[in-house]
Amino acid sequence: MSTMINGVDYGPLHQLIGSWRGEKGLNLSPEPDGEEKHAFYDEIEFTPSGAAENAEEQNLVTVKYHQVVRKRNNGKVFHDQVGHWIYEPATEMIVHSLSIPRAVCVLAGGKLEQVGDEAVFDVRATAGSDSFGIVQSPFMLEKAKTTAFRMTLKISGDQMVYEETTSLDIYGRQFAHTDANTLQRVVYD
């Protein structure tokens, strides 16, 4: 599979490009008196967004995405997310920027590991970090503060598996909000 699209070498990000669907998602989220589990459907669309240059010395390539998550029991959207995956060929750094419409933005960084045919994207962010951190509204800081984020995304051919943990200070306690799913690339004959 070529990593070139319209003259841009997307490197390992080319593996993300396309439409993905999953029906096996599980969300573990906080409730005032415990936790709640939701089975979910997942749709993610990754599209090439080109090359970027910073200060005439850093060269990046980017893929933008939109993710929509629906509860399996009623089809209602309970999570909508947009962002970018960014790759710096010179350092092999992977960056994941994301925004959710609850007034939270994350910039997570890490590395890519190639294990046989499987690409493993592993990124992390921590509140208060000057490089890979979390920005959130005053309400979220007071009521549902995100303290850390970690995502591991694995791609092998037309299958993607991800696990993410958002560490929260919520309802007077620490909570590990987790999401995981296995998705298949939508391929048309």
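The values are calculated or read from the model by the stated rules, or taken from the named source; none is laboratory data. Quantities reported herein were computed from a predicted structural model and do not represent experimental measurements. Cβ sites come from the backbone with ideal geometry, for glycine too, and all protein chains shown count toward neighbours. All accessible areas refer to the heavy atoms of the entire protein, side chains included, with ligands and DNA or RNA removed. Shrake-Rupley method; radii C 1.70, N 1.55, O 1.52, S 1.80 Å.
Test of understanding: among Phe78, Phe40, which residue is in contact (Cβ under 8 Å) with a residue 60 or more places away in the chain, out of contact with any helix residue (DSSP H, G or I) (no Cβ under 7 Å at 6 or more places or on another chain) and among the hydrophobic types (A, V, I, L, M, F, W, C)?
After applying the criteria, what remains is Phe40.
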Inset, instruction - Within the stretch 8-17, identify whether any single residue is assigned to a strand (DSSP E or B) and farther than 20 Å from Thr178 by Cα, and answer yes or no. - result: yes
Inset, instruction - With the condition kept exactly as written, say whether any residue in the stretch 21-43 is open to solvent by less than 50 Å² (accessible area, probe 1.4 Å) and under 21 Å from Asp117 (Cα atoms). - result: yes
Legend entry - Single residue of the stretch 146-163 satisfying the filter (among the polar types (S, T, N, Q) and open to solvent by 40 Å² or more (accessible area, probe 1.4 Å)) that is nearest to Glu31 (Cα to Cα): Gln159
Inset, instruction - Please find, within the stretch 92-145, the residue that is least open to solvent (accessible area, probe 1.4 Å) out of those that are touching a helix residue (DSSP H, G or I) at 6+ places or on another chain (Cβ under 7 Å) and farther than 24 Å from Gly157 by Cα. - result: Val104
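From Gln58, Gln67, which residue is of a type in the set (S, T, N, Q), surrounded by 14 or more Cβ atoms within 10 Å (Cβ to Cβ) and either modelled with pLDDT of 95 or more or more than 26 Å from Gly25 (Cα to Cα) (or both)? Break it down stepwise before answering.
Details: Gln58 fails: surrounded by 14 or more Cβ atoms within 10 Å (Cβ to Cβ).
Just one listed residue meets the conditions, Gln67.
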Inset, instruction - Give just the number: which of (1) buried (at least 17 other Cβ atoms within 10 Å of the Cβ); (2) in contact (Cβ under 8 Å) with a residue 24 or more places away in the chain; (3) not basic (Lys, Arg) does Asn73 not satisfy? - result: (1)
